[in-house]
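Undergrad: Quick one: this structure, given as C-alpha cells, is what I'll be asking you about.
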Amino acid sequence: MLLNNTIKNALISLSDKTNLLEISKILSEKKINLLSTGGTADILKKNNIPVMEISNYTNFPEIMDGRVKTLHPKIIGGILGRRKKDQKIMKLHNLIPIDMVIVNFYPFEKIQNREECNAEEIIDNIDIGGPTLVRAAAKNYKDVVVIVDLSDFKSVIKLINNNTISLEKRFDLATKAFEYTSSYEEIIFKYFLKNNSYKEKNQNDIFPNEIKLNFIKKQDLRYGENQHQKSSFYVEKEILKSGTISSSRQVQGKNLSYNNICDADIALECVKEFSEPTCVIVKHGNPCGVSESNSLIKSYLSAYNSDPISAFGGIIAFNSTLDLKTAQEIVKKQFVEVIIAPEIDERALKILQKKQNIRLIVCGKIEKNKKGLDFKRITNGLLIQEYDFNKVNIKNFNFVTNRLPTQKELEDAIFSWKVAKFVKSNAIVYSVNKTTIGIGAGQTSRVDATKLANLKVKDRNHHNTIGAIMASDAFFPFRDGIDNAALVGISCIIQPGGSIRDKEVIQSANEHNISMIFTNKRHFKH
C-alpha cells in the first residue's frame, strides 16, 4: 500500500505552547505549510514563522469568544479527505489536504483543581475543537499523521526525513490519540458526575451505574502470585496521593513482584494507623508483628521479636524516617524482602546498600486514607465497596463487663483493634504494651484463630500473656473463644459484639474477671 509520506501542510493547535516555537521552526525549515488558530498564529508571526490563520483560510471568523475556531468543513474535510478516493471533491471545494495534526487540549484537569476557578470557568475549559481534530486525524491515519504527545515529534521528523512513516507508526500514533481523547473525556465525565447539583445527593451516588477505570502501567513485575504468571503494576492516571505504594519510588533492589506489592500495601496502610514511631511487618498478606513505641528502633525490635519466625522474608513498613540504628538492626537480625518508609536517612541507605537485594521503597509524606473505593475482581465481575475507614472513638464503645478496663488496657485495646483491621478473617490479635505478641489469621472458625494466637504466643515466642489484650475482628459466636483466652491470662477483650450469645460471652468474661469492650463495628477482611 502506498502511503502519503509527503507532508505538505500541518495544522498546529496547542493549548500548552511550551514547545510551539521549536516545533514550528523545524516544520517551517522543511517547507511545510502551517495552519493555526488566532492565538497560536500571533505567536508564530511575532517570531517570523510563516503561518496561515485558519479564519483566513476558511473565510469565517473565530466567534463566541473563541468557542468556534476549527469546526469548519474546510478544516475537517482537509483532515478526513482520503487522498485518492476524495481527491475530486476536495478540488471541487478547494480543500487543502492537511497531512499532519499536532494538538493538545485545554488543561481541564488542572483548571478544575484550582480553588480560585468557579464552575463556569471550569466548563469553559472543555475543549471541543481539539478532540474533533484529533479524532478526525486518527480516523484517517493512513493519510494524516496525528501527534498528541510532543515527545513523538522528533521521531516523526526523522521518519519524514527518510520518507518512511510506516503504516504501523501511523497506527500507533492514532492509538495514542484515541487514548488521549478517551482519557480527557473520562476526566470531564467524573467532574460532571461529582458536581451534579441538579440531582438529589444520596449515599448510593458513589456507585454509578457504569464503572470506567483509568489506569496506566507503572512497571512490569518479576512475576505474579506464582513464577509462571506474568504480571504488571498499574496506577490511577489521576493525581496520586503521597504516602502510597502507587505513588512511591523504589531506590534499591530487585524488581518487585506481585506479592511484594500486595504485602507492601497492607504494611503501609496498617502503619498509617499510628501516630508514634511504629513498625509493621507483613508476611503473606497478614501483619505478623506490629509495635508502636517512642523510637523507631524500639518499635522495630519489638515487632520483630513478636514473631521472628514469620518475620523472616517479610515486608517491613515504618511511619517515620528510617534511621541508621534501625537499619543496622534490620541487617543484623533478619532476611527482608522489602522496606518501606516515608524517607530513608543517607547513613541508613549506605548500610542497606550492602544488601543490594533488599528492595527499598520511599513513599513520601504519609497521609491517612479517609475515603475512596476498594475493588475486588471476581470471574466476570467486580466488587466495589467503600474504603474501610473508621476513626476510633471511645464514645462509641460499650463497656459491657463488671470490671472496666484500666487506662493501659484501654490504650492497648485500641492499638490491637487497629491492627485487627488488617488481619484476614477470622482474626485474633494479642498485644501488650502496644506490641503484638500473637496473631491468629485467616482461620475458618474464631476459636481456631484464638488457638493459633495461643500457639504463637506460648509454643513459638514464649511471650508472657498475663495481662495481655485480645482483639477480635468480629463477634464471638460462642463463649469458647473467651474461655481459651482466659487460659493464657488475657485481661481485656475488644470486639464488635452483636452475637445472639452475647450474654453468654459477657458472662464468661465476668467469670474470668476479664474486661470487655464492644466497638459496635466489625473489620472483616477477606
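The values are calculated or read from the model by the stated rules, or taken from the named source; none is laboratory data. This is a predicted model, so every value here is computed, not measured. Cβ sites come from the backbone with ideal geometry, for glycine too, and all protein chains shown count toward neighbours.
Undergrad: Scanning segment 488-514 for residues that are more than 9 Å from VAL400 (Cβ to Cβ) and of a type in the set (Gly, Ala, Ser), which turns out nearest to the chain's Cα centre (by Cα)?
TA: GLY498
Undergrad: If you go through segment 380-417 one residue at a time, how many are among the basic types (Lys, Arg) and either under 25 Å from the mean Cα position of the chain (by Cα) or within 21 Å of SER291 (Cα to Cα) (or both)? Even if it seems obvious, please write down each step before you answer.
TA: Going through segment 380-417, the residues among the basic types (Lys, Arg) turn out to be 391, 395, 403, 408.
Restricting the remaining residues to those that are either under 25 Å from the mean Cα position of the chain (by Cα) or within 21 Å of SER291 (Cα to Cα) (or both) gives 391, 408.
Here the count works out to 2.
Undergrad: Moving on. Could you please find all residues in segment 332-345 being in a helix (DSSP H, G or I) and either in contact with a helix residue (DSSP H, G or I) (Cβ under 8 Å, 6 or more places away or on another chain) or crowded, with 21+ Cβ neighbours inside 10 Å (or both)? Reasoning before the result, please.
TA: Taking segment 332-345 and keeping what is in a helix (DSSP H, G or I), we get 332-333.
Result: LYS333, single match.
Undergrad: Could you identify the single residue in SER431, SER416 that is at negative phi and assigned to a helix (DSSP H, G or I)? Walk me through how you get there before you give the answer.
TA: Values: SER431 fails: assigned to a helix (DSSP H, G or I).
Criteria check complete, one pass: SER416.
Undergrad: Specify which of the listed residues (PHE478, PHE518, PHE422, PHE524) is over 28 Å from LYS272 (Cα atoms) and not aliphatic (A, V, I, L, M).
TA: Details: PHE518 fails: over 28 Å from LYS272 (Cα atoms); PHE422 fails: over 28 Å from LYS272 (Cα atoms); PHE524 fails: over 28 Å from LYS272 (Cα atoms).
Criteria check complete, one pass: PHE478.
Undergrad: Any idea which residue in segment 121-168 is surrounded by the fewest Cβ atoms within 10 Å (Cβ to Cβ), counting only those that are among the basic types (Lys, Arg), part of a helix (DSSP H, G or I) and in contact (Cβ under 8 Å) with a residue 12 or more places away in the chain? Outline the logic, then answer.
TA: The initial filter retains those residues of segment 121-168 that are among the basic types (Lys, Arg), namely 135, 139, 142, 154, 158.
With the extra rule that they be part of a helix (DSSP H, G or I), the set shrinks to 135, 139, 154, 158.
In the following step, the residues that additionally are in contact (Cβ under 8 Å) with a residue 12 or more places away in the chain were identified as 135, 139.
Working: ARG135: 18, LYS139: 15.
Selected residue: LYS139.
Undergrad: Return the pair list, or none, for Cβ contacts closer than 6 Å from residues in segment 413-435 that are more than 20 Å from ALA317 (Cβ to Cβ) to residues that are surrounded by fewer than 23 Cβ atoms within 10 Å (Cβ to Cβ), at least 6 apart or on different chains.
TA: That search, which allows pairs on different chains as well, returns SER425/PHE524; SER425/LYS525; ASN426/GLN443.
Undergrad: Which ranges mark the strands (runs of 3 or more DSSP E) fully within segment 227-331 that have 1 or more residues being free of Cβ contacts under 8 Å to residues at least 60 places away in the same chain and under 20 Å from TRP417 (Cα atoms)? Let's see the steps before the verdict.
TA: Working: elements: 232-236, 249-252, 278-283, 286-292, 314-318.
Counting at least 1 such residues, we get 278-283, 314-318.
Undergrad: So ILE216 ticks every box in (1) surrounded by fewer than 12 Cβ atoms within 10 Å (Cβ to Cβ); (2) more than 17 Å from the chain's Cα centre (by Cα); (3) at pLDDT 80 or above; (4) not basic (Lys, Arg) but one. Which box is left unticked?
TA: That leaves (2) as the condition not met.
Undergrad: Let me ask something else. What residue, among those in segment 489-501 that are of a type in the set (A, V, I, L, M) and closer than 16 Å to SER515 by Cβ, is surrounded by the most Cβ atoms within 10 Å (Cβ to Cβ)? Break it down stepwise before answering.
TA: To start, the set of residues in segment 489-501 that are of a type in the set (A, V, I, L, M) comprises 490, 493-494, 500.
Okay, now just the ones that are also closer than 16 Å to SER515 by Cβ, so 490, 493-494.
Values: ILE490: 26, ILE493: 30, ILE494: 26.
Looking at residues that are of a type in the set (A, V, I, L, M) and closer than 16 Å to SER515 by Cβ, I get ILE493.
Undergrad: In segment 98-112, what count of residues is obtained for those that are assigned to a loop (DSSP other than H, G, I, E, B) and surrounded by fewer than 20 Cβ atoms within 10 Å (Cβ to Cβ)?
TA: Within segment 98-112, the subset assigned to a loop (DSSP other than H, G, I, E, B) is 98-99, 105-107.
Next cut, surrounded by fewer than 20 Cβ atoms within 10 Å (Cβ to Cβ) only: 106-107.
Number satisfying all stated conditions: 2.
Conditions tested, residue by residue: (1) aliphatic (A, V, I, L, M); (2) free of Cβ contacts under 8 Å to residues at least 60 places away in the same chain; (3) closer than 24 Å to LEU150 by Cα.
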position	(1), (2), (3)
ASP65	no, yes, no
VAL68	yes, no, no
LYS74	no, yes, no
ARG83	no, no, no
GLN87	no, yes, no
HIS93	no, yes, no
ASP99	no, no, yes
ILE102	yes, no, yes
PHE105	no, no, yes
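Undergrad: Do you know which residues across segment 492-522 are touching a residue at least 40 places away in the same chain (Cβ under 8 Å), under 19 Å from SER416 (Cα atoms), part of a loop (DSSP other than H, G, I, E, B) and out of contact with any Pro (no Cβ under 8 Å at 6 or more places or on another chain)?
TA: GLY497, ILE514
Undergrad: A further question on this structure: Looking for something touching a Phe, Trp or Tyr at 6+ places or on another chain (Cβ under 7 Å), surrounded by fewer than 16 Cβ atoms within 10 Å (Cβ to Cβ) and in contact (Cβ under 8 Å) with a residue 24 or more places away in the chain - is there at least one such residue anywhere in segment 361-370?
TA: First pass over segment 361-370, keeping only residues touching a Phe, Trp or Tyr at 6+ places or on another chain (Cβ under 7 Å): 369-370.
Next, only the ones that are surrounded by fewer than 16 Cβ atoms within 10 Å (Cβ to Cβ) stay: 369-370.
Narrowing further to those that are in contact (Cβ under 8 Å) with a residue 24 or more places away in the chain: 369.
Yes; the residues of segment 361-370 include at least one that is touching a Phe, Trp or Tyr at 6+ places or on another chain (Cβ under 7 Å), surrounded by fewer than 16 Cβ atoms within 10 Å (Cβ to Cβ) and in contact (Cβ under 8 Å) with a residue 24 or more places away in the chain.
Undergrad: Looking only at segment 369-413, count how many residues are among the hydrophobic types (A, V, I, L, M, F, W, C) and assigned to a loop (DSSP other than H, G, I, E, B). Show your work before the answer.
TA: To start, the set of residues in segment 369-413 that are among the hydrophobic types (A, V, I, L, M, F, W, C) comprises 373, 375, 378, 382-384, 389, 392, 394, 397, 399-400, 404, 410, 413.
So of that shortlist, the ones also assigned to a loop (DSSP other than H, G, I, E, B) come out as 389, 392, 397, 400, 404.
Qualifying residue count, segment 369-413: 5.
Undergrad: Another question, then. Every residue in segment 491-505 that is farther than 16 Å from LYS391 by Cα and touching a Ser or Thr at 6+ places or on another chain (Cβ under 6 Å), please.
TA: CYS492
Undergrad: Could you tell me which residue of segment 346-368 is farthest from the chain's Cα centre (by Cα), considering only residues that are closer than 24 Å to LYS332 by Cα, aliphatic (A, V, I, L, M) and not in a strand (DSSP E or B)?
TA: Ranking the candidates gives ILE351 first.
Undergrad: Would it be correct to say that ARG249 is assigned by TED's automatic domain parsing to the domain that holds ASN294 and either at pLDDT below 85 or not hydrophobic (A, V, I, L, M, F, W, C) (or both)?
TA: Numbers: assigned by TED's automatic domain parsing to the domain that holds ASN294: yes; either at pLDDT below 85 or not hydrophobic (A, V, I, L, M, F, W, C) (or both): yes.
So ARG249 passes the test.
Undergrad: Return yes or no: is TYR300 within 20 Å of the chain's Cα centre (by Cα) and hydroxyl-bearing (Ser, Thr, Tyr)? If you could, list the steps in order and put the result at the bottom.
TA: Working: within 20 Å of the chain's Cα centre (by Cα): no; hydroxyl-bearing (Ser, Thr, Tyr): yes.
No, not satisfied.
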